[in-house]
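Take a look at the structure set out below.
The values are calculated or read from the model by the stated rules, or taken from the named source; none is laboratory data. Values in this document were obtained by computation on a predicted structure and should not be read as measured data. Every residue, glycine among them, receives a Cβ derived from its backbone with ideal geometry; neighbour counts consider all protein chains shown. The protein model used for the area step is the full one, side chains on, heavy atoms only, and it has no ligands, DNA or RNA in it. Shrake-Rupley method; radii C 1.70, N 1.55, O 1.52, S 1.80 Å.
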Amino acid sequence: MAGGRLKLKQQAVFHPVFLTVLKRAVLMALVWLALTGGDAQAWVYGAVAVVCATALSLILLPAGPRPARVLRLFALFPGFLMRSIVGGVDVAWRALHPRLPVSPGWVSQKTSMRDGPARSLFGAETSLLPGTLSAGCDEAGLKIHCLDASERTQTRLAAEEKRLARAFSEDGDANEEGRVS
Amino acid sequence: MSVVELITAALLAIGVFFYFAGTVGILRFPDVHSRLHALTKADNLGLMAIVIAAGLHFGDGWIAGKLALIWLLALFAAGMAAQLVARAALSPEHNA
């Protein structure tokens, strides 16, 4: 009985919306910290700015049912960085190559991501990865423009999507639909 | 020239090279979408190199943090803007 009550209490404390607000406030505070160069006196204004920025962010992008998992997103960053460097080198090589080795084409990428921040972020990410560029989506899936249209690109995209989906609580929660959020 | 100055100069050169390559891509690639590839990816890498060079030059953690913030925001904006331009530039048959 005691264990059950404790669990209930924890759920109340770590309410998803509360967590989202907290995460965003911490993010804004970090931005303020960077902007002011760690000036302690600036925190008087910083507190007001952080509250206002967090409120604005909640108006512009209300807390969704599938919150971002900050640590997992963070863990994805080094890999993304490496692949985006490869992307830049790849496109620079193609641009400067005398014979211009590009064969542009479109790929329709089926996606399990629902519309929202995760899918927008996935689109932005693909635009920085080697050879791919997202152009929104239709019923068939995401419309991806490829500098070099081949199957390799599609398998790579699928892997990338899976990684990002995990960071957005979009995986393995099929029963989430039934839950009232 | 100290080692740090040499690395800074090399990073600046790399950054300029990628901006140059991106611009060449915009001029040489055959269509709007291919040109967007060049713009987003090469410029992102160019900015990354120049931001690291500037961070090394100033040698200050807080300035480095500010520069990293600039790069992150530019990265985010480039990815989102590329998507929006790509969608706006779709030909009618793609919109069907």
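Before moving on, here are some points about what is shown:
- Spin-label model, A:Ala47 to A:Val70: label points 7 Å out along the Cα-to-beta-carbon direction sit 2.0 nm apart.
- The phi torsions of the range A:39-48, fed into the Karplus equation with coefficients 6.51, -1.76 and 1.60 and a -60° offset, translate into couplings of 6, 5, 5, 6, 5, 4, 6, x, 4, 5 Hz, rounded to whole numbers, with Gly and Pro shown as x.
- Near the amide H of A:Thr111, within less than 5 Å, lie the amide hydrogens of A:Leu142, all on another chain or at least 5 residues away, with H placed in the peptide plane.
- 20 °C / 1.002 mPa s Stokes-Einstein diffusion coefficient of the range A:59-123, Kirkwood radius on C-alpha pairs, µm²/s: 141
- For chain B, the per residue solvent-accessible surface stands at 54 Å², with DNA, RNA and ligands left out and a 1.4 Å probe.
- Leading residue at positive end of dipole, the range B:3-89 (Cβ point charges), from B:Ile26, B:Gly61, B:Phe76: B:Ile26
- Residue order for A:Leu157, A:Leu71 - accessible surface, 1.4 angstrom probe, largest first: A:Leu71, A:Leu157
- Approximate shape of the protein assembly as shown as ellipsoid semi-axes (Cα gyration tensor, √5λ), whole Å, largest first: 35, 29, 15
- Peptide-level mean, for A:22-35, of C-beta atoms on other protein chains within 10 Å: 2
- Using a probe of 1.4 Å, the accessible surface attributed to A:Val70 totals some 80 Å² when neighbouring protein chains are kept in position.
- Near A:Cys137, the amide H atoms lying under 5 Å from its own belong to A:Lys143; only residues 5 or more places off or on other chains count, and H is placed 1.01 Å from N.
- Spin-label model, B:Ala77 to A:Ser108: label points 7 Å out along the Cα-to-beta-carbon direction sit 3.5 nm apart.
- Solvent-accessible ranking of A:Lys143, A:Lys110, largest area first, probe 1.4 Å: A:Lys110, A:Lys143
- When the square roots of the Cα gyration tensor eigenvalues are ordered a ≥ b ≥ c, the ratio a/c for chain B is 1.5 or more and a/b does not exceed b/c, which makes its shape oblate.
- Overall form of the range A:70-172 per C-alpha gyration tensor (a/c, 1.5; a/b vs b/c): oblate
- Simple label model, 7 Å out from Cα along Cβ direction - A:Leu96 to A:Arg166, nm: 3.6
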